[in-house]
Ligand code: TYM
């Protein structure tokens with residue numbers, strides 16, 4: 001039987017090249033081998049303050065980019081997280097099985113807490129909702145970028161804890177991290193992750209919606225160094241290493257193969273080659289986005305996706321409730 005894969009993207013802001021290389025593209029490539037299930041994590045989005053209009057726009061964009069990148073609703077299930085209310089119910093149960101000590105150790109929580117901003121309870125228990133997202137569908141594999149690996153490991157621990165306490169119930173999921181491109185860095189500060197919510201660093205972030213000219217300019221003005229050698233050396237040449245990663249990931253080649261193509265090549269020429277592959281990819285995405293935005297069938301995609309996924313989620317929640325003694329039937 002094909003292994004079951006699940007993952008999602010939060011419609012918080014415009015999708016970036018990091019989301020595409022670290023998550024979306026791997027989802028699409030997985031369709032050859034796995035039973036692919038991908039959702040829009042709209043509930044995760046409201047763990048931070050969000051403008052409703054912006055959320056609605058982002059939500060449509062994520063769906064259109066899923067389709068534009070080649071996720072095929074005939075082969076894969078695409079759904080909206082909140083269309084399966086059993087997920088939130090299981091999320092509460094999972095939060096009761098997760099020690100606060102583990103939540104306190106989550107890097108994303110610690111980083112936000114350190115900024116001193118006021119955080120919601122939902123933000124704190126965010127990883128327990130992720131656990132429910134994964135285990136409710138009995139997923140084997142969870143492709144994510146480097147920054148989400150810790151959350152998938154927490155899901156693994158919680159599923160194991162549940163099985164030990166209440167009997168064999170959940171499949172234990174495994175994070176899948178792309179060999180190349182699991183952490184694309186900002187073009188302006190290559191020691192920081194390229195992030196959709198990086199408001200100050202727009203020049204460092206390529207958005208999937210960026211006009212090709214704008215994207216090209218961002219790549220051409222990416223921060224590099226004065227060493228003048230195109231080499232993968234994260235420590236001393238983080239900017240060049242990041243550009244090599246982007247190039248290799250989009251070309252589907254190894255970093256070594258990418259390096260070999262730019263021996264004795266000047267930075268300007270190298271950057272142009274990177275900009276060319278990025279722009280080719282964006283052009284393909286923009287064409288798909290426009291095509292799907294015009295066709296009326298996108299509304300059906302999410303409904304059909306939820307219709308297919310919900311019965312399994314309901315059965316799983318029943319099983320959990322029975323195992324825990326919550327169910328009186
Ligand atoms: P989100 O929306 O922040 O990111 C979506 C996916 O993109 C990856 N990613 C990156 N990969 C490489 N380089 C980058 N610069 C980069 N930035 C983001 C993320 O690692 C992620 O895989 N909590 C999740 C959404 C979620 C989820 C889940 C994922 C909710 N439930 C269950 C998997 C399984 C999130 O906020 O991802």
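Its relative contact order, with pairs defined as Cα atoms under 8 Å and 6+ residues apart, puts the chain at 22 percent. Taking Cα atoms only, the orientation of helix 238-251 departs from the longest principal axis of the chain by about 70 degrees.
DSSP beta bridges confined to the chain are antiparallel in about 10 percent of cases. Axis of helix 298-324 versus longest Cα principal axis of the chain: the two differ by about 50°, to the nearest ten degrees. With each label point set 7 Å from Cα along the Cα-Cβ vector, what nm distance links residue 265 and residue 213? Placing both labels 7 Å beyond Cα along the Cβ direction yields 2.6 nm.
Normalised by the residues of region 202-290, what does the relative contact order come to in percent, with Cα pairs under 8 Å and at least six apart? For region 202-290, the relative contact order is 35 percent.
Take the Cβ atoms of residue 327 and residue 108, set R0 to 41 Å, and the FRET efficiency comes out at 0.75. For the chain, the longest principal axis of the alpha carbon atoms and the long axis of helix 126-135 meet at an angle near 70°. The orientation-averaged projected area of the convex hull spanned by the Cα atoms of region 164-223 comes to 7.1 nm².
Give, to the nearest whole percent, the P(r) tail of the chain beyond 24 angstrom, counting all Cα pairs. Tail of the P(r) past 24 Å holds 56 percent of the pairs. Using the alpha-carbon centroid of each, what span in Å lies between region 103-122 and region 283-329? Here the answer is 29 Å between Cα centres. Overall shape of region 77-221 was characterised from the C-alpha gyration tensor. The equivalent ellipsoid obtained from it has semi-axes of 32, 18, 14 Å, in decreasing order. Taken over the alpha carbons of region 146-188 as equal point scatterers, the Debye sum produces base-10 log I(q)/I(0) values at 0.28, 0.35 Å⁻¹ of -0.94, -1.15. Pair-distance distribution of region 202-290: all C-alpha pairs, bin width 5 Å, starting at 0; shares per bin in whole percent are 3, 15, 26, 25, 18, 10, 4, 1, 0. Peptide packing for 50-63, 233-246 was compared via the average number of neighbouring C-beta atoms within 10 Å per residue; ordered from the highest value, the list is 233-246, 50-63.
An ellipsoid equivalent to region 40-120, defined through the eigenvalues of its Cα gyration tensor, has semi-axes of 28, 18, 13 Å when rounded to whole angstrom and sorted largest first. Gain on full extension, evaluated as 0.36 nm per residue between residue 120 and residue 3 minus their Cα-Cα distance, stands at 38.6 nm.
Between the beta carbons of residue 225 and residue 55, assuming R0 = 41 Å, the FRET efficiency works out to 0.55 to the nearest 0.05. Per-residue ellipticity at 222 nm, computed for the chain from helices alone with -39500 (n - 2.57) per DSSP H run of at least four residues, works out to -16000 deg cm²/dmol.
Just so you know, all these numbers are worked out from the coordinates, no wet-lab data involved. Model, not experiment: these values are computed from the prediction. Counting neighbours? That spans all protein chains shown, and the Cβs are built from the backbone with ideal geometry, glycine included.
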